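Colleague: Handing you a structure now.
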Amino acid sequence: METKNIFQKKPSASNSWQRSASTQTAPSPEQSVEFSLYAPQARSVSVAGSFNRWSQVNFSLTKNIQGAWKGQIRLKPGRYQYRFFVDGKWMDDPRAKETVSNEFGTQNAIIIVK
């Protein structure tokens, strides 16, 4: 007669999940967003917006050899307003798909991060 060990511990599905979950990291809720502006004559370009309290110095872009200024920033999902700050003057984003009027009579560009 064969005897079965009814007290043998079997791995449960929840234990297996817990082990694999502990080795995995949760995805970051932030997304990398690129800002770019073609301004070959500019000496400095930055981006200011609702994501950085409209600071003109916190997010400077880098100019490439073709005259385009580019930079990336990580943003959480949401809807943000922004403008370029070029050589000390505010400038619209000519490629913005959506804009909204601001209190200064100009347009803020809108970016939506999903």
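Colleague: So which pairs qualify, if the first residue must be in the stretch 25-38 and loosely packed, with under 10 Cβ neighbours inside 10 Å and polar (S, T, N, Q), the second must be modelled with pLDDT of 65 or more and part of a strand (DSSP E or B), the Cβ gap must be under 8 Å, and the two must be at least 6 apart or on different chains?
Modeller: Pairs found: Ser28/Arg74.
Colleague: For the stretch 94-106, give me each residue that is surrounded by 14 or more Cβ atoms within 10 Å (Cβ to Cβ) and in a loop (DSSP other than H, G, I, E, B). Break it down into steps so the answer makes sense when it comes.
Modeller: Step one: filter the stretch 94-106 for residues surrounded by 14 or more Cβ atoms within 10 Å (Cβ to Cβ), giving 96, 99.
Scanning the stretch 94-106 gives a single hit, Ala96.
Colleague: Working only within the stretch 62-77, note down all residues that are exposed (fewer than 13 other Cβ atoms within 10 Å of the Cβ) and either modelled with pLDDT under 95 or over 24 Å from Arg43 (Cα atoms) (or both).
Modeller: Answer for the stretch 62-77, where residues must be exposed (fewer than 13 other Cβ atoms within 10 Å of the Cβ) and either modelled with pLDDT under 95 or over 24 Å from Arg43 (Cα atoms) (or both): Arg74, Lys76, Pro77.
Colleague: Next up: Go through the stretch 66-93 and give me each residue that's closer than 19 Å to Val33 by Cα, free of Cβ contacts under 8 Å to residues at least 40 places away in the same chain and part of a loop (DSSP other than H, G, I, E, B).
Modeller: Asp92
Colleague: Give the stretch 56-93 a look and list any residue that's touching a Leu at 6+ places or on another chain (Cβ under 8 Å) and over 28 Å from Pro29 (Cα atoms), or say none. Walk me through it before giving the result.
Modeller: Keep residues of the stretch 56-93 that are touching a Leu at 6+ places or on another chain (Cβ under 8 Å), which gives 61, 68-71, 84, 86, 91, 93.
If the condition is that a residue be touching a Leu at 6+ places or on another chain (Cβ under 8 Å) and over 28 Å from Pro29 (Cα atoms), then Ala68, Val86, Met91 are the ones that fit.
Colleague: If Asn52 satisfies all but one of (1) within 30 Å of Lys114 (Cβ to Cβ); (2) polar (S, T, N, Q); (3) at pLDDT below 95, what's the number of the condition it fails?
Modeller: (3)
Every residue, every condition in (1) in contact with a strand residue (DSSP E or B) (Cβ under 9 Å, 6 or more places away or on another chain); (2) among the β-branched types (Val, Ile, Thr); (3) at pLDDT below 95; (4) on the phi > 0 side of the Ramachandran plot, yes or no:
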residue	(1), (2), (3), (4)
Glu2	no, no, yes, no
Gln56	yes, no, yes, no
Ser60	yes, no, no, no
Phe84	yes, no, no, no
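Colleague: Residue by residue through the stretch 33-65, note down the ones that are of a type in the set (Gly, Ala, Ser), more than 18 Å from Asn108 (Cβ to Cβ) and not in a loop (DSSP other than H, G, I, E, B).
Modeller: Result: Ser60, single match.
Colleague: Another one. Scan the stretch 37-83 for residues that are among the polar types (S, T, N, Q) and within 20 Å of Glu98 (Cα to Cα) and jot them down. Before the answer, list the steps.
Modeller: Initially, the stretch 37-83 is screened for residues among the polar types (S, T, N, Q), giving 41, 44, 46, 50, 52, 55-56, 58, 60, 62, 64, 66, 72, 81.
Residues satisfying the conditions are Ser46, Ser50, Asn52, Gln72, Gln81.
Colleague: Checking Trp90 against (1) of a type in the set (Phe, Trp, Tyr); (2) over 23 Å from the mean Cα position of the chain (by Cα); (3) at pLDDT 95 or above, which single condition isn't satisfied?
Modeller: (2)
The values are calculated or read from the model by the stated rules, or taken from the named source; none is laboratory data. Predicted model, so just to flag it, every value in this text is computed and none were measured. We place every Cβ from the backbone using ideal geometry, glycine too, and count neighbours over all the protein chains shown.
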